[in-house]
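Worksheet for the structure shown next.
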6 protein chains.
Amino acid sequence: MVYVTRIEHFNAAHKLWNHKWSVEKNKEVFGKCANENFHGHNYELHVTVKGTTHPDTGFVMNAKELGDIIKEQVIEKVDHCNLNMDVPFMEGRFTSAENFAIGIWNELAETITKSGSTLHCVKLIETKSIYVEYFGE
Amino acid sequence: MVYVTRIEHFNAAHKLWNHKWSVEKNKEVFGKCANENFHGHNYELHVTVKGTTHPDTGFVMNAKELGDIIKEQVIEKVDHCNLNMDVPFMEGRFTSAENFAIGIWNELAETITKSGSTLHCVKLIETKSIYVEYFGE
Amino acid sequence: MVYVTRIEHFNAAHKLWNHKWSVEKNKEVFGKCANENFHGHNYELHVTVKGTTHPDTGFVMNAKELGDIIKEQVIEKVDHCNLNMDVPFMEGRFTSAENFAIGIWNELAETITKSGSTLHCVKLIETKSIYVEYFGE
Amino acid sequence: MVYVTRIEHFNAAHKLWNHKWSVEKNKEVFGKCANENFHGHNYELHVTVKGTTHPDTGFVMNAKELGDIIKEQVIEKVDHCNLNMDVPFMEGRFTSAENFAIGIWNELAETITKSGSTLHCVKLIETKSIYVEYFGE
Amino acid sequence: MVYVTRIEHFNAAHKLWNHKWSVEKNKEVFGKCANENFHGHNYELHVTVKGTTHPDTGFVMNAKELGDIIKEQVIEKVDHCNLNMDVPFMEGRFTSAENFAIGIWNELAETITKSGSTLHCVKLIETKSIYVEYFGE
Amino acid sequence: MVYVTRIEHFNAAHKLWNHKWSVEKNKEVFGKCANENFHGHNYELHVTVKGTTHPDTGFVMNAKELGDIIKEQVIEKVDHCNLNMDVPFMEGRFTSAENFAIGIWNELAETITKSGSTLHCVKLIETKSIYVEYFGE
């Protein structure tokens, strides 16, 4: 069993906001992240798959194929977007890094399984100070 | 003459948009950066001052004082903001990295001069692929 | 279960020294790290907590709250300090990165549990070449 | 149980090539990595050992000793080499990052066990976009 | 006048070798870099242009256009190549980082001038320890 | 003219302290940096030389030779040392990053001139937030 990680980057705007709460309550809980006109990040995404190496290639999974899946399933849906307004798979969900990593896992898992490998971890680096990891359960 | 650089970070949303142009023309020139609902970045800001060292401290400028000036003059006005909507010193200006660096220079120069040092360079890193530098002329 | 990591930085002096040993034995085992007048590091600290996401916020734990706990329980006690002389929780312990990570875990675990989350890992990066990780057992 | 990681760097040339396949098939599967005249990388190697701390030193393993083992068992055999032509432990194996990490594990495990510690993970960063991890099984 | 830098990455193999010298003399002067079977690097390339900002865009130069020029004029000619065997613009030249940066400048300068901007600097990072800069004279 | 930069790392302890001032005045001006028992840093040192390329090597200066000069003239005198107590070339000087960069320049300039190249810049990165540059005048 070897673990292979591919790193991709994208930029997006978002805000943290609970529609059931008042403006004051949102500012109190989410601080500057609740600015109504949004802020944004350069997100760094690490997608890790695991498996055994193929005897013909020495690969667990062709890194180019993994990159193509991430671009098609995730990057094209989120890059230069507003996570609160433009991204179907985040509709109705808070755009916390935690929820976003879970959403990204859900977009990737089935396609990676079909390709013959297994998704192991989605790691999402939001800023130089915060990152989250999700292992599917 | 020694050059001292202080690095600060902030997050912001923006879009590249020319109000005199059609939507199509904006998309053609600015590509994904013209998404109407904004995108965003983790900006890294390097502010360089120059001068001679003080005989009592060995400092060109106390780094804490330089940090306080950057926070007061720049970070508090832009962090977790929308550069197109929330930042007075960018009003009426395209929010390209170039213009933003010039805007930041203008916010900093006078206060740094008053502190007895000289502003030398504003370097603004927008993504892992693009940064701009402005030397005041 | 999602894992959330907050990164903080601090600077400290220390030396590796076993008081039961001669100067020669200390130099032999610890090399340059046994310089009697100390050396120092820019430490980078990664604190990882785990838990489920709150339905009201999408957070496992508010990153600001986690940052405040780290600052109060660790950074204020070690930043710009001498680990061999100034830090109560390292008193009587070798200031190896391993021991220091265990010491930091002990300062953090209870407060993080009280906050409703669970401490998962303390990762301490001492130099560009060495880091240690402690998972509490 | 504490985990200690030492990071080392080396440079090497390689190509991805299956001798049983035609040139066309190699280009189709491996893309630019199948350039017959080789390409190369600055590899970053993280070697993680685990164990309990020694009462006399506070170390799981002396980082200098770990560095010496990595240099002797790995770096001297691969640095500034061609992985397809110059490295005995990769002979007859595809030089994918996956296989290379397994090969490095095999060079290290016994010597680290003899030193009284336990090898936990070999992480090999091939480019800014790809890294692999191997835990020995 | 604002300076805009675009960063690109590529991988290549090379060796340092003077055909007029004996093997021994090559090994003596170039050390491990004279391994006859080549070694390689992940090169990081910073291309800086300078100019005034356009009143319609706020750009000195569209970063996408600059990226396209670098990809067409440099990356496609060197990525996953052997600098000593595969790169026409390095033919007959030692593949030192210095010479390579000059060669890259020569590939870029005219096209960037035609685009209406001015090439200011080519910075080439060969390893974590060495980089070179060339300003065209 | 090409500029070549070599990067080296070292660790050191220091404190900012003006012996003519009271403890209170030192704490007021230097803040936490005036902790009497010292703190420390992982310093990153960039040494830039300039010159023309040699026709026999393509080098401005052999990077290994430059590395050896830096190690002999600087690293061996400061690594794992206390800048206020152990470093002859800093005796009687405040150990600010500015003064330290000037001191390093003075240790390097003559030897580099003798080697046939010219020292251009000493850049000293003290923390993730502060670096200084000195060009010799």
According to the square roots a ≥ b ≥ c of the eigenvalues of the Cα gyration tensor, what is the shape class of the protein assembly as shown, taking rounded for a/c under 1.5, prolate for a/b larger than b/c otherwise, and oblate for the remainder?
rounded
Expressed as a percent, the portion of alpha-carbon pairs in chain F spaced more than 22 Å apart is 40 percent
I'd like the GluC sites (Glu not before Pro) in segment E:73-117 restricted to DSSP loop residues with at most 14 other Cβ atoms within 10 Å, sorted by number.
E:Glu91
Label points 7 Å out from Cα along the Cβ direction at A:Lys128 and F:Ala109: separation in nm?
3.2 nm
Averaged over D:93-100, how many beta carbons belonging to a partner chain fall within 10 Å of each residue's beta carbon?
6
Return the distance in nm (one decimal) between the two label points of a simple spin-label model at A:Trp21 and C:Glu28, each offset 7 Å from Cα along Cα→Cβ.
6.1 nm
Net charge within 14 Å of E:Pro88 by Cβ-Cβ distance, Lys/Arg positive one each and Asp/Glu negative one each, not counting E:Pro88 itself?
-2
Lys and Arg at +1, Asp and Glu at -1: add these up for the other residues within a Cβ distance under 10 Å of C:Val74 and post the number.
-3
32 Å Cα-Cα threshold exceeded, pairs from B:Lys64/C:Lys114; B:Lys27/E:Lys114; B:Lys123/D:Lys128; C:Lys77/F:Lys77
B:Lys64/C:Lys114
Partner chain Cβ atoms within 10 Å, averaged over the residues of F:20-30 - can you pull that number for me?
1
Per the helix-only calculation at 222 nm, which mean residue ellipticity applies to the protein assembly as shown, given -39500 (n - 2.57) for every DSSP H run of n ≥ 4 and division by its residues, nearest 500 deg cm²/dmol?
-7500 deg cm²/dmol
On the full set of protein chains, 1.4 Å probe, figure out the accessible area of A:Phe89 and give it in Å² to the nearest 10.
30 Å²
Please report how far the C-alpha centroid of segment C:70-137 lies from that of segment A:22-71, rounded to the nearest whole angstrom.
28 Å
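The values are calculated or read from the model by the stated rules, or taken from the named source; none is laboratory data. No experiment lies behind these values; they were computed from the predicted model shown. A quick note on method: Cβ atoms are made from the backbone with ideal geometry, for glycine too, and the neighbour counts reach across all protein chains shown. Ligands, DNA and RNA are excluded from the accessible area calculation, which covers all protein heavy atoms including side chains. Shrake-Rupley method; radii C 1.70, N 1.55, O 1.52, S 1.80 Å.
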